[in-house]
1. Tell me which helices (runs of 4 or more DSSP H) are completely within segment 244-307 and hold 2 or more residues being over 21 Å from residue 194 (Cβ atoms) and at pLDDT 90 or above, or say none if there are none.
2. Looking at 218, 189, can you tell me which residue is part of a loop (DSSP other than H, G, I, E, B), surrounded by fewer than 18 Cβ atoms within 10 Å (Cβ to Cβ) and outside the structural domain of residue 293 (by TED's automatic domain parsing)?
3. Name the residue that is nearest to residue 162 (Cα to Cα), counting only residues in segment 221-247 that are loosely packed, with under 12 Cβ neighbours inside 10 Å and among the hydrophobic types (A, V, I, L, M, F, W, C).
Amino acid sequence: MAFFFGNKDILEDQIRELESQIKNLNEQIAQLSKSIASKNTTINTLKDENNQLKGNIAKELDHSAASKKQIETLGSEIKIKDDELKILQNEIVNYKNTSISGKQMEILEKNLKEKLNVISEYKLEIETLSTQNTSYTEEISYLKDILKTNGILLDKPDKKRYIYKINIDDFFPVKKFKEINEKLKELNISFVQEIEIDTFENYLNILKNYGEAKKKYIDFIENKMNWDIYTTLKKGEKISKIFAKKKKFLTYANDNYLEFMDDLADFDFDNDLFHAGFMRSLVLEVKEISKDYFDNNTVDNDAIDNDTI
């Protein structure tokens, strides 16, 4: 009997020791879970910062392109004014060689002076725009360096460029613009780019929050919008939203820093996903979903060339 109780005591000691070890392991697991959660938060913060940097570069590129266009326009106007100036100068020379009253000569010289002043103003404006353009170029270079330091690559120079459609639900949230939202859907309008200003006057003018909705739309067509809408306009929807049911592809996208649909604009599905171990059937499904999105959620490329939304 003594032998039995002795073994029992030993077993109880071992059980207590095991329970202590399990408790320590659970504490370590809890600590690791907390650490992983913290690192995930840090990763998400870095992703947000990188996306904002990319957005800043896109804005700076837009500003730079606008400045170049203004410079080209002013250059054309200066050429026109220069031609007019030469004509006036020739007229003055011709009039000086013929009989002309002092009053007529005074008018000609006044016109000549006005033309010279206009040309000087245009040249000064070009100089200002060139300085701004240099500033934009330096800012773009600075932002690119930051992205490069963080291991984030910019889009390829020859990458297809898209403007993406903005969903009505995102632009006019149901919670605030319920009547507006419902009426637009009755009119078979799914995207902001399908709205026309007459739509407000003819169909929405008696609905709740009409004035605020109209102002929001006018701001949009004048390129004034919040950061989320601007990002969707330039980058498309998040991949996590479009491929919500394709968990394996979402994991791949996350591991390879693919966040927005624009990141898939020139993506080599067949090659990259094959090497990542994807089944052929899944590659085809992912390609089809992506093609459907780009076919139905992008604005005509002519809109990009004309700098319109």
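1. By residue number, 247-255, 280-296.
2. On inspection, the qualifying residue turns out to be 189.
3. 227
The values are calculated or read from the model by the stated rules, or taken from the named source; none is laboratory data. Predicted model, so just to flag it, every value in this text is computed and none were measured. Heads up, the Cβs are rebuilt from the backbone with ideal geometry, glycines too, and the neighbour counts pull from every protein chain shown.
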